[in-house]
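The values are calculated or read from the model by the stated rules, or taken from the named source; none is laboratory data. Note that the coordinates shown come from a computational prediction; the quantities given were computed from them, not determined experimentally. A quick note on method: Cβ atoms are made from the backbone with ideal geometry, for glycine too, and the neighbour counts reach across all protein chains shown.
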């Protein structure tokens, strides 16, 4: 099998320029020199998880940060609440979060994006006891995503209606050619 071509973009071009000086014969065989770990963190889409070895690892299924290269369109969702299409609100935090993520899928789809394009999740729950339900829904939603987004979970005092337990918003980055 031929060697995998490194991703394109400003970041990758900078690394390739460095590689030419470090080892002129390494282009096309990037794994043969010290930048191989950096290329290993780049995904085919060009985005890269940022999980420095000098800080504690993430607590769950997320990345500490995500690098988005130039040439991407950003998609911002409003906070989504666990309201079904018919207007009902389930009692369970997991069910509410599942609806939130379904709504987010629909919004991302309108922009030509998928959950694999998400670079940040901001989630809010009204009590610590709802964290497990939210996290279970989030982990299911991200199960098939190879590059994890950055994520923050905040416990808040409440939402506009007492029955809401979870609210989720995301930021996605879509290659301009797909946007």
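Structure notes:
- Exactly one residue out of 40, 106 is part of a helix (DSSP H, G or I) and modelled with pLDDT under 95, and it is 40.
- Residue in segment 129-143 that is within 18 Å of residue 49 (Cβ to Cβ) and assigned to a loop (DSSP other than H, G, I, E, B) present: yes
- Hey, residue 167 surrounded by 12 or more Cβ atoms within 10 Å (Cβ to Cβ) and assigned to a strand (DSSP E or B) or not: yes
- Scanning segment 115-128 for residues that are surrounded by 23 or more Cβ atoms within 10 Å (Cβ to Cβ) and assigned to a helix (DSSP H, G or I) returns a single hit, 117.
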